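*Asks:* Handing you a structure now.
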Amino acid sequence: VASAGLTVGIGGTVIEREIAGGAPSTSDAGTGTIVPFYGLHQAGIATTPPSNLLFAAFDVTASQVSDLTELLRTWTAAAARLASNSTLNVDDSDETVGLPPSSLTLTFGFGPGIFNERFGLASRIPPNFGPLPPFKGEQLDVASSGGDLMVQACAEDQMTAFHAVRQLGRLAAGFAKQRWGLAGFGASAAVHHVETPRNLLGFKDGTVNPKPGSDAFDSTVWVGETGDPAWMRGGTYLCARRIRMNLPPWDGLSRADQQVVIGRDKLSGAPLSGGGEFTALDFATLGADGVPAIPLDSHVRLASATFNAGATMLRRSYSYDNGVDTTNGVHDTGMLFLAYVRDINTQFVPIQRQLAASDRMNSFITHIGTATFAIPPGVKYGGWVGQELFE
Ligand code: HEM
(Lines give C-alpha, C1' and ligand atoms only; values in the text may rest on other atoms or scores of the structure.)
Protein backbone atom coordinates (compact mmCIF):
# COMPACT_ATOMS: atom_id res chain seq x y z
CA VAL A 1 0.00 0.00 0.00
CA ALA A 2 2.83 2.34 0.96
CA SER A 3 4.65 2.40 -2.35
CA ALA A 4 1.50 2.40 -4.46
CA GLY A 5 0.17 5.24 -2.34
CA LEU A 6 3.28 7.32 -2.73
CA THR A 7 3.14 6.87 -6.49
CA VAL A 8 -0.39 8.22 -6.52
CA GLY A 9 0.46 11.07 -4.12
CA ILE A 10 3.40 12.40 -6.08
CA GLY A 11 2.66 11.00 -9.52
CA GLY A 12 -0.21 13.30 -10.20
CA THR A 13 -3.16 11.41 -11.67
CA VAL A 14 -5.54 12.66 -9.03
CA ILE A 15 -3.84 16.06 -8.93
CA GLU A 16 -4.54 16.42 -12.66
CA ARG A 17 -8.16 15.62 -12.01
CA GLU A 18 -8.33 18.40 -9.41
CA ILE A 19 -6.67 20.90 -11.70
CA ALA A 20 -9.08 20.03 -14.48
CA GLY A 21 -11.88 20.66 -12.00
CA GLY A 22 -13.43 17.22 -12.46
CA ALA A 23 -15.75 15.69 -9.89
CA PRO A 24 -14.03 13.52 -7.30
CA SER A 25 -14.36 9.89 -8.23
CA THR A 26 -14.94 7.03 -5.86
CA SER A 27 -11.14 6.92 -5.58
CA ASP A 28 -11.44 9.05 -2.43
CA ALA A 29 -13.93 6.67 -0.86
CA GLY A 30 -11.88 4.21 1.15
CA THR A 31 -9.60 3.63 4.08
CA GLY A 32 -6.85 2.50 1.69
CA THR A 33 -6.98 5.75 -0.24
CA ILE A 34 -4.38 8.47 -0.32
CA VAL A 35 -5.77 11.92 -1.13
CA PRO A 36 -3.00 14.03 -2.69
CA PHE A 37 -1.79 16.85 -0.48
CA TYR A 38 -0.47 19.00 -3.34
CA GLY A 39 -2.81 20.56 -5.89
CA LEU A 40 -4.52 23.67 -7.15
CA HIS A 41 -6.85 23.79 -4.15
CA GLN A 42 -6.29 22.44 -0.65
CA ALA A 43 -7.73 18.99 -0.05
CA GLY A 44 -10.56 18.58 2.46
CA ILE A 45 -12.99 20.95 0.75
CA ALA A 46 -14.07 19.46 -2.59
CA THR A 47 -12.96 16.07 -1.30
CA THR A 48 -15.84 13.80 -0.30
CA PRO A 49 -16.03 13.96 3.52
CA PRO A 50 -14.72 10.82 5.23
CA SER A 51 -16.27 9.70 8.50
CA ASN A 52 -14.02 11.49 11.01
CA LEU A 53 -13.06 15.08 11.64
CA LEU A 54 -10.65 16.59 14.10
CA PHE A 55 -10.77 20.37 13.91
CA ALA A 56 -8.08 22.35 15.71
CA ALA A 57 -7.67 26.12 16.06
CA PHE A 58 -4.32 27.50 17.22
CA ASP A 59 -3.17 30.84 18.57
CA VAL A 60 0.26 31.92 17.35
CA THR A 61 2.49 32.60 20.35
CA ALA A 62 5.58 33.63 18.33
CA SER A 63 5.88 37.30 17.49
CA GLN A 64 8.15 37.29 14.44
CA VAL A 65 6.80 36.77 10.95
CA SER A 66 9.83 34.56 10.28
CA ASP A 67 8.63 32.22 13.07
CA LEU A 68 5.20 32.04 11.49
CA THR A 69 6.61 31.17 8.08
CA GLU A 70 8.93 28.60 9.63
CA LEU A 71 5.94 26.96 11.29
CA LEU A 72 4.03 26.92 8.00
CA ARG A 73 6.98 25.32 6.20
CA THR A 74 7.30 22.71 8.93
CA TRP A 75 3.57 21.99 8.90
CA THR A 76 3.56 21.70 5.11
CA ALA A 77 6.33 19.12 5.08
CA ALA A 78 4.67 17.17 7.88
CA ALA A 79 1.21 17.34 6.28
CA ALA A 80 2.49 16.11 2.93
CA ARG A 81 4.18 13.23 4.71
CA LEU A 82 1.19 12.40 6.92
CA ALA A 83 -1.23 12.53 3.99
CA SER A 84 0.98 10.42 1.76
CA ASN A 85 0.78 7.49 4.16
CA SER A 86 0.29 7.54 7.87
CA THR A 87 2.06 4.20 8.23
CA LEU A 88 5.33 5.75 7.06
CA ASN A 89 5.64 7.98 10.10
CA VAL A 90 8.09 5.91 12.03
CA ASP A 91 9.91 8.95 13.38
CA ASP A 92 7.01 10.14 15.52
CA SER A 93 4.82 8.42 18.09
CA ASP A 94 4.12 5.35 15.89
CA GLU A 95 0.48 5.17 16.95
CA THR A 96 -0.78 4.75 13.38
CA VAL A 97 1.66 2.05 12.32
CA GLY A 98 -0.39 -0.63 10.62
CA LEU A 99 -3.28 1.67 9.73
CA PRO A 100 -4.14 2.33 6.08
CA PRO A 101 -3.90 5.96 4.84
CA SER A 102 -7.64 6.46 5.48
CA SER A 103 -8.14 9.33 2.99
CA LEU A 104 -6.45 11.77 5.36
CA THR A 105 -6.76 15.41 4.35
CA LEU A 106 -5.22 18.35 6.21
CA THR A 107 -6.61 21.79 5.43
CA PHE A 108 -4.96 24.94 6.77
CA GLY A 109 -6.33 28.45 7.19
CA PHE A 110 -5.56 31.88 8.66
CA GLY A 111 -7.78 33.54 11.26
CA PRO A 112 -8.31 37.32 11.36
CA GLY A 113 -5.66 37.67 14.12
CA ILE A 114 -2.87 36.86 11.65
CA PHE A 115 -3.49 40.24 10.02
CA ASN A 116 -3.11 42.40 13.12
CA GLU A 117 0.02 44.49 13.79
CA ARG A 118 2.12 41.50 14.95
CA PHE A 119 3.29 40.20 11.58
CA GLY A 120 3.07 43.24 9.30
CA LEU A 121 0.34 41.63 7.20
CA ALA A 122 -2.39 44.24 7.76
CA SER A 123 -2.31 45.46 4.16
CA ARG A 124 -2.82 41.93 2.90
CA ILE A 125 -6.09 41.14 4.65
CA PRO A 126 -8.84 40.34 2.15
CA PRO A 127 -11.36 43.23 2.15
CA ASN A 128 -14.35 41.10 3.18
CA PHE A 129 -12.57 39.00 5.78
CA GLY A 130 -12.89 39.30 9.55
CA PRO A 131 -14.77 37.78 12.49
CA LEU A 132 -18.49 37.19 11.98
CA PRO A 133 -20.88 39.87 13.26
CA PRO A 134 -23.09 39.04 16.26
CA PHE A 135 -26.27 37.07 15.51
CA LYS A 136 -29.50 36.96 17.45
CA GLY A 137 -29.78 34.16 20.01
CA GLU A 138 -26.15 33.01 19.97
CA GLN A 139 -24.47 32.15 23.28
CA LEU A 140 -20.83 32.16 22.30
CA ASP A 141 -18.04 30.72 24.38
CA VAL A 142 -14.94 32.75 23.47
CA ALA A 143 -12.68 29.95 24.66
CA SER A 144 -13.98 27.69 21.91
CA SER A 145 -14.17 30.36 19.22
CA GLY A 146 -11.72 32.08 16.89
CA GLY A 147 -8.06 31.21 16.43
CA ASP A 148 -5.10 32.45 14.37
CA LEU A 149 -4.53 29.22 12.46
CA MET A 150 -6.72 26.22 11.74
CA VAL A 151 -6.10 22.62 10.91
CA GLN A 152 -9.02 20.59 9.65
CA ALA A 153 -8.07 16.92 9.67
CA CYS A 154 -10.49 14.52 7.98
CA ALA A 155 -9.97 10.77 7.71
CA GLU A 156 -11.89 7.53 7.57
CA ASP A 157 -10.04 6.44 10.69
CA GLN A 158 -10.28 8.54 13.85
CA MET A 159 -6.82 7.44 14.95
CA THR A 160 -5.35 8.83 11.73
CA ALA A 161 -7.02 12.23 12.19
CA PHE A 162 -5.99 12.41 15.86
CA HIS A 163 -2.44 11.39 15.08
CA ALA A 164 -2.10 14.08 12.40
CA VAL A 165 -3.37 16.90 14.61
CA ARG A 166 -1.27 15.77 17.54
CA GLN A 167 1.90 15.65 15.44
CA LEU A 168 1.19 19.12 14.01
CA GLY A 169 0.57 20.38 17.54
CA ARG A 170 3.89 18.93 18.71
CA LEU A 171 5.72 20.57 15.81
CA ALA A 172 4.10 23.90 16.72
CA ALA A 173 5.61 23.96 20.22
CA GLY A 174 7.11 27.38 20.86
CA PHE A 175 5.31 28.86 17.83
CA ALA A 176 1.60 28.22 18.37
CA LYS A 177 -0.68 26.67 20.96
CA GLN A 178 -3.98 24.93 20.40
CA ARG A 179 -6.87 27.19 21.45
CA TRP A 180 -9.81 24.89 20.88
CA GLY A 181 -10.59 21.71 19.06
CA LEU A 182 -13.50 19.43 18.33
CA ALA A 183 -13.82 15.88 17.08
CA GLY A 184 -16.67 15.17 14.69
CA PHE A 185 -18.23 12.17 13.04
CA GLY A 186 -20.40 11.46 10.04
CA ALA A 187 -20.96 8.93 7.29
CA SER A 188 -18.02 7.48 5.38
CA ALA A 189 -17.15 8.80 1.92
CA ALA A 190 -18.46 5.51 0.52
CA VAL A 191 -21.93 6.34 1.91
CA HIS A 192 -21.71 9.92 0.58
CA HIS A 193 -21.18 8.49 -2.89
CA VAL A 194 -24.41 6.50 -2.63
CA GLU A 195 -26.82 8.73 -0.71
CA THR A 196 -27.01 11.98 1.24
CA PRO A 197 -26.13 11.14 4.86
CA ARG A 198 -28.23 12.32 7.80
CA ASN A 199 -27.46 14.67 10.69
CA LEU A 200 -28.40 14.09 14.34
CA LEU A 201 -31.93 15.41 13.72
CA GLY A 202 -32.35 12.41 11.42
CA PHE A 203 -32.68 14.47 8.22
CA LYS A 204 -30.63 14.20 5.07
CA ASP A 205 -28.11 17.03 5.19
CA GLY A 206 -26.29 18.31 2.10
CA THR A 207 -28.96 17.79 -0.57
CA VAL A 208 -28.65 21.33 -1.90
CA ASN A 209 -24.85 21.42 -1.87
CA PRO A 210 -23.09 22.39 -5.10
CA LYS A 211 -21.44 19.40 -6.77
CA PRO A 212 -17.62 19.42 -6.85
CA GLY A 213 -16.38 20.10 -10.36
CA SER A 214 -19.49 22.02 -11.42
CA ASP A 215 -19.53 25.72 -12.33
CA ALA A 216 -21.88 26.26 -9.38
CA PHE A 217 -19.31 24.75 -7.03
CA ASP A 218 -16.47 26.84 -8.41
CA SER A 219 -18.41 30.10 -8.22
CA THR A 220 -19.71 29.30 -4.71
CA VAL A 221 -16.43 28.18 -3.17
CA TRP A 222 -13.21 29.23 -4.91
CA VAL A 223 -11.88 32.76 -4.86
CA GLY A 224 -11.53 33.89 -8.48
CA GLU A 225 -9.54 36.47 -10.36
CA THR A 226 -11.19 39.60 -9.02
CA GLY A 227 -12.05 41.20 -5.71
CA ASP A 228 -9.60 39.45 -3.39
CA PRO A 229 -5.83 39.77 -3.01
CA ALA A 230 -3.91 37.59 -5.47
CA TRP A 231 -2.61 35.35 -2.67
CA MET A 232 -6.17 34.05 -2.06
CA ARG A 233 -6.88 32.96 -5.69
CA GLY A 234 -7.87 29.32 -5.67
CA GLY A 235 -8.56 29.57 -1.95
CA THR A 236 -11.81 29.98 -0.04
CA TYR A 237 -13.21 31.15 3.31
CA LEU A 238 -14.48 28.93 6.09
CA CYS A 239 -17.31 29.93 8.45
CA ALA A 240 -17.29 27.53 11.40
CA ARG A 241 -20.13 27.47 13.94
CA ARG A 242 -20.36 25.11 16.87
CA ILE A 243 -24.11 24.49 17.19
CA ARG A 244 -25.46 22.62 20.20
CA MET A 245 -28.60 20.55 19.65
CA ASN A 246 -31.23 20.05 22.31
CA LEU A 247 -32.41 16.63 21.23
CA PRO A 248 -35.00 15.61 23.89
CA PRO A 249 -37.65 18.18 22.78
CA TRP A 250 -36.87 17.36 19.17
CA ASP A 251 -37.47 13.67 19.90
CA GLY A 252 -40.81 14.72 21.39
CA LEU A 253 -42.08 16.05 18.04
CA SER A 254 -43.96 13.82 15.64
CA ARG A 255 -42.24 13.14 12.34
CA ALA A 256 -44.77 15.42 10.63
CA ASP A 257 -43.95 18.28 13.01
CA GLN A 258 -40.22 17.77 12.50
CA GLN A 259 -40.74 17.97 8.74
CA VAL A 260 -42.47 21.33 9.11
CA VAL A 261 -39.40 22.64 10.96
CA ILE A 262 -37.03 21.61 8.17
CA GLY A 263 -39.36 21.98 5.16
CA ARG A 264 -38.53 18.53 3.79
CA ASP A 265 -39.77 14.95 4.13
CA LYS A 266 -37.71 13.18 6.79
CA LEU A 267 -37.24 9.82 5.09
CA SER A 268 -36.93 10.74 1.42
CA GLY A 269 -35.50 14.25 1.83
CA ALA A 270 -38.02 15.56 -0.73
CA PRO A 271 -39.32 19.13 -0.38
CA LEU A 272 -42.73 19.41 1.31
CA SER A 273 -43.89 20.96 -1.99
CA GLY A 274 -43.53 17.49 -3.57
CA GLY A 275 -41.26 15.43 -5.85
CA GLY A 276 -38.08 13.57 -4.93
CA GLU A 277 -35.03 14.54 -2.90
CA PHE A 278 -33.48 16.59 -5.70
CA THR A 279 -36.68 18.26 -6.94
CA ALA A 280 -36.42 22.05 -6.64
CA LEU A 281 -38.24 23.63 -3.71
CA ASP A 282 -41.53 25.18 -4.87
CA PHE A 283 -42.46 27.93 -2.42
CA ALA A 284 -45.76 28.68 -4.19
CA THR A 285 -47.27 25.23 -3.57
CA LEU A 286 -50.01 25.37 -0.92
CA GLY A 287 -50.90 22.57 1.47
CA ALA A 288 -54.41 21.25 2.10
CA ASP A 289 -54.88 23.98 4.72
CA GLY A 290 -54.19 26.70 2.15
CA VAL A 291 -50.86 27.80 3.66
CA PRO A 292 -47.48 27.29 1.93
CA ALA A 293 -46.47 23.61 1.95
CA ILE A 294 -42.91 24.75 2.76
CA PRO A 295 -43.64 26.95 5.80
CA LEU A 296 -42.41 30.55 5.85
CA ASP A 297 -40.28 29.88 8.94
CA SER A 298 -38.93 26.49 7.83
CA HIS A 299 -35.15 26.06 7.73
CA VAL A 300 -34.85 25.39 3.99
CA ARG A 301 -37.01 28.33 2.98
CA LEU A 302 -35.07 30.82 5.08
CA ALA A 303 -31.73 29.36 3.95
CA SER A 304 -32.59 29.04 0.26
CA ALA A 305 -30.83 31.06 -2.42
CA THR A 306 -34.28 32.27 -3.59
CA PHE A 307 -34.75 34.35 -0.43
CA ASN A 308 -31.08 35.32 -0.01
CA ALA A 309 -30.29 37.16 -3.25
CA GLY A 310 -28.95 33.98 -4.84
CA ALA A 311 -26.46 33.25 -2.03
CA THR A 312 -25.17 29.66 -1.85
CA MET A 313 -22.53 27.84 0.18
CA LEU A 314 -20.79 24.48 0.48
CA ARG A 315 -21.78 22.83 3.77
CA ARG A 316 -19.32 20.18 4.98
CA SER A 317 -20.40 19.80 8.60
CA TYR A 318 -19.77 17.03 11.13
CA SER A 319 -21.76 15.89 14.17
CA TYR A 320 -20.15 15.92 17.61
CA ASP A 321 -20.87 14.31 20.96
CA ASN A 322 -19.12 15.49 24.10
CA GLY A 323 -20.61 12.81 26.30
CA VAL A 324 -23.63 12.52 28.50
CA ASP A 325 -24.76 14.53 31.51
CA THR A 326 -25.18 11.72 34.02
CA THR A 327 -27.71 13.70 36.07
CA ASN A 328 -30.29 13.66 33.27
CA GLY A 329 -28.91 11.33 30.57
CA VAL A 330 -28.83 14.13 28.00
CA HIS A 331 -25.98 14.24 25.47
CA ASP A 332 -23.95 17.41 24.96
CA THR A 333 -24.16 17.08 21.24
CA GLY A 334 -24.60 19.01 18.03
CA MET A 335 -22.98 19.98 14.79
CA LEU A 336 -19.72 21.62 13.88
CA PHE A 337 -21.21 23.55 10.97
CA LEU A 338 -18.51 24.16 8.37
CA ALA A 339 -19.45 26.32 5.37
CA TYR A 340 -17.03 27.17 2.56
CA VAL A 341 -17.74 30.33 0.59
CA ARG A 342 -15.85 32.77 -1.61
CA ASP A 343 -17.37 35.78 0.17
CA ILE A 344 -18.45 35.60 3.82
CA ASN A 345 -20.40 38.87 3.75
CA THR A 346 -22.65 38.08 0.79
CA GLN A 347 -23.00 34.32 1.26
CA PHE A 348 -22.87 33.26 4.91
CA VAL A 349 -23.91 36.41 6.78
CA PRO A 350 -27.28 37.14 5.13
CA ILE A 351 -28.41 33.52 5.41
CA GLN A 352 -27.38 33.24 9.06
CA ARG A 353 -29.14 36.58 9.80
CA GLN A 354 -32.40 35.19 8.43
CA LEU A 355 -31.99 31.89 10.25
CA ALA A 356 -31.10 33.59 13.54
CA ALA A 357 -34.15 35.83 13.30
CA SER A 358 -36.87 33.36 12.31
CA ASP A 359 -35.78 29.72 11.85
CA ARG A 360 -38.28 27.36 13.45
CA MET A 361 -35.27 25.14 14.22
CA ASN A 362 -34.01 27.70 16.75
CA SER A 363 -36.07 26.06 19.52
CA PHE A 364 -33.76 23.07 19.23
CA ILE A 365 -30.32 24.56 18.54
CA THR A 366 -27.96 27.17 20.03
CA HIS A 367 -24.87 28.60 18.35
CA ILE A 368 -22.10 28.37 20.96
CA GLY A 369 -18.88 28.78 18.95
CA THR A 370 -17.77 30.83 15.97
CA ALA A 371 -14.67 31.19 13.82
CA THR A 372 -13.67 32.34 10.36
CA PHE A 373 -10.58 31.41 8.40
CA ALA A 374 -9.08 32.48 5.09
CA ILE A 375 -8.02 29.24 3.40
CA PRO A 376 -5.18 29.86 0.96
CA PRO A 377 -5.02 27.91 -2.31
CA GLY A 378 -3.43 24.49 -2.61
CA VAL A 379 0.30 23.99 -2.29
CA LYS A 380 2.48 23.43 -5.36
CA TYR A 381 5.01 20.63 -5.04
CA GLY A 382 8.03 22.21 -3.36
CA GLY A 383 6.01 25.13 -1.95
CA TRP A 384 4.39 25.66 1.44
CA VAL A 385 0.98 26.61 2.81
CA GLY A 386 0.20 30.31 2.43
CA GLN A 387 3.52 31.06 0.71
CA GLU A 388 1.93 33.67 -1.59
CA LEU A 389 0.69 35.65 1.44
CA PHE A 390 4.22 36.27 2.63
CA GLU A 391 5.99 36.87 -0.70
C1 HEM B 1 -27.57 22.40 13.64
C2 HEM B 1 -27.83 23.25 12.70
C3 HEM B 1 -28.37 22.90 11.34
C4 HEM B 1 -29.04 21.80 10.93
C5 HEM B 1 -29.41 20.58 11.73
C6 HEM B 1 -29.33 21.98 9.51
C7 HEM B 1 -30.01 21.06 8.73
C8 HEM B 1 -30.34 21.25 7.40
C9 HEM B 1 -31.14 20.35 6.61
C10 HEM B 1 -31.71 19.04 7.11
C11 HEM B 1 -31.24 20.87 5.37
C12 HEM B 1 -32.02 20.29 4.19
C13 HEM B 1 -31.22 19.40 3.29
C14 HEM B 1 -30.10 20.07 2.56
O15 HEM B 1 -30.32 20.77 1.56
O16 HEM B 1 -28.99 19.93 3.00
C17 HEM B 1 -30.53 22.12 5.37
C18 HEM B 1 -30.40 22.96 4.31
C19 HEM B 1 -29.66 24.12 4.30
N20 HEM B 1 -29.04 24.69 5.39
FE21 HEM B 1 -28.99 23.98 7.26
N22 HEM B 1 -28.82 23.18 9.12
C23 HEM B 1 -28.24 23.78 10.20
C24 HEM B 1 -27.62 25.01 10.24
C25 HEM B 1 -27.44 25.82 9.15
C26 HEM B 1 -26.73 27.08 9.16
C27 HEM B 1 -26.08 27.72 10.38
C28 HEM B 1 -26.74 27.54 7.87
C29 HEM B 1 -26.15 28.81 7.30
C30 HEM B 1 -26.00 29.94 7.93
C31 HEM B 1 -27.47 26.59 7.07
C32 HEM B 1 -27.67 26.70 5.71
C33 HEM B 1 -28.38 25.81 4.97
C34 HEM B 1 -28.58 25.97 3.53
C35 HEM B 1 -28.00 27.08 2.66
C36 HEM B 1 -29.39 24.91 3.13
C37 HEM B 1 -29.92 24.64 1.72
C38 HEM B 1 -31.19 25.42 1.55
C39 HEM B 1 -31.83 25.20 0.19
O40 HEM B 1 -31.45 25.91 -0.74
O41 HEM B 1 -32.68 24.33 0.08
N42 HEM B 1 -27.87 25.56 7.87
N43 HEM B 1 -29.98 22.33 6.62
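*Asks:* What pairs come up if the first residue lies in the stretch 187-205 and is more than 19 Å from ARG255 (Cβ to Cβ), the second is surrounded by fewer than 16 Cβ atoms within 10 Å (Cβ to Cβ), and their beta carbons are under 7 Å apart, counting only those six or more places apart or on different chains?
*Replies:* If the second residue must be surrounded by fewer than 16 Cβ atoms within 10 Å (Cβ to Cβ), the pairs left are HIS193/THR26.
*Asks:* Hey, among the residues in the stretch 275-306 that are among the β-branched types (Val, Ile, Thr) and under 15 Å from LYS204 (Cβ atoms), which one's surrounded by the most Cβ atoms within 10 Å (Cβ to Cβ)?
*Replies:* Within the stretch 275-306, the first condition is being among the β-branched types (Val, Ile, Thr), and the residues that meet it are 279, 285, 291, 294, 300, 306.
Next cut, under 15 Å from LYS204 (Cβ atoms) only: 279, 300.
Values: THR279: 12, VAL300: 20.
Among those residues, the one meeting the criterion is VAL300.
*Asks:* Restricting the search to the stretch 319-347, which residues are part of a strand (DSSP E or B), under 15 Å from the mean Cα position of the chain (by Cα) and either within 11 Å of the ligand (Cβ to nearest atom) or at positive phi (or both)? Steps first, answer last, please.
*Replies:* Residues of the stretch 319-347 part of a strand (DSSP E or B): 319-325, 330-341.
Keeping just the survivors that are under 15 Å from the mean Cα position of the chain (by Cα) gives 319-320, 334-341.
Matches in the stretch 319-347: SER319, TYR320, GLY334, MET335, LEU336, PHE337, LEU338, ALA339, VAL341.
*Asks:* In the stretch 211-232, which residues are of a type in the set (D, E, K, R) and surrounded by fewer than 16 Cβ atoms within 10 Å (Cβ to Cβ)?
*Replies:* LYS211, ASP215, GLU225, listed by residue number.
For (1) within 30 Å of THR69 (Cβ to Cβ); (2) of a type outside the set (S, T, N, Q), each residue gets a yes or a no:
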residue: PHE348; (1), (2): yes, yes
residue: GLN352; (1), (2): no, no
residue: LEU355; (1), (2): no, yes
residue: ILE375; (1), (2): yes, yes
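*Asks:* Quick check on my filter: what residues within the stretch 230-263 are of a type in the set (D, E, K, R), in a loop (DSSP other than H, G, I, E, B) and in contact with a Ser or Thr (Cβ under 8 Å, 6 or more places away or on another chain)?
*Replies:* Residues satisfying the conditions do not exist here.
*Asks:* Tell me, please, whether a residue that is near the ligand (Cβ under 10 Å from one of its atoms), basic (Lys, Arg), more than 21 Å from GLY111 (Cα to Cα) and out of contact with any Cys (no Cβ under 6 Å at 6 or more places or on another chain) can be found in the stretch 358-380.
*Replies:* Within the stretch 358-380, the first condition is being near the ligand (Cβ under 10 Å from one of its atoms), and the residues that meet it are 359, 361-362, 364-367.
Then drop every residue that is not basic (Lys, Arg), which leaves none.
No, that holds for no residue.
*Asks:* Additional query: Every residue in the stretch 349-368 that is buried (at least 22 other Cβ atoms within 10 Å of the Cβ) and over 20 Å from TRP250 (Cβ atoms), please.
*Replies:* Correct list: ILE351, GLN352.
*Asks:* List the number of the failed condition for THR196; all other conditions in (1) at pLDDT 95 or above; (2) part of a helix (DSSP H, G or I); (3) polar (S, T, N, Q) hold.
*Replies:* (2)
*Asks:* Now a separate question. Condition check: touching a helix residue (DSSP H, G or I) at 6+ places or on another chain (Cβ under 9 Å) and either part of a loop (DSSP other than H, G, I, E, B) or within 13 Å of the ligand (Cβ to nearest atom) (or both). Does PRO350 satisfy that?
*Replies:* Against the criterion (touching a helix residue (DSSP H, G or I) at 6+ places or on another chain (Cβ under 9 Å) and either part of a loop (DSSP other than H, G, I, E, B) or within 13 Å of the ligand (Cβ to nearest atom) (or both)), PRO350 does not qualify.
The values are calculated or read from the model by the stated rules, or taken from the named source; none is laboratory data. As the structure is a prediction and not an experimental result, all values here were calculated from the model. Because the Cβ atoms are built from the backbone with ideal geometry, glycine has one as well, and the counts that use them run over all protein chains shown.
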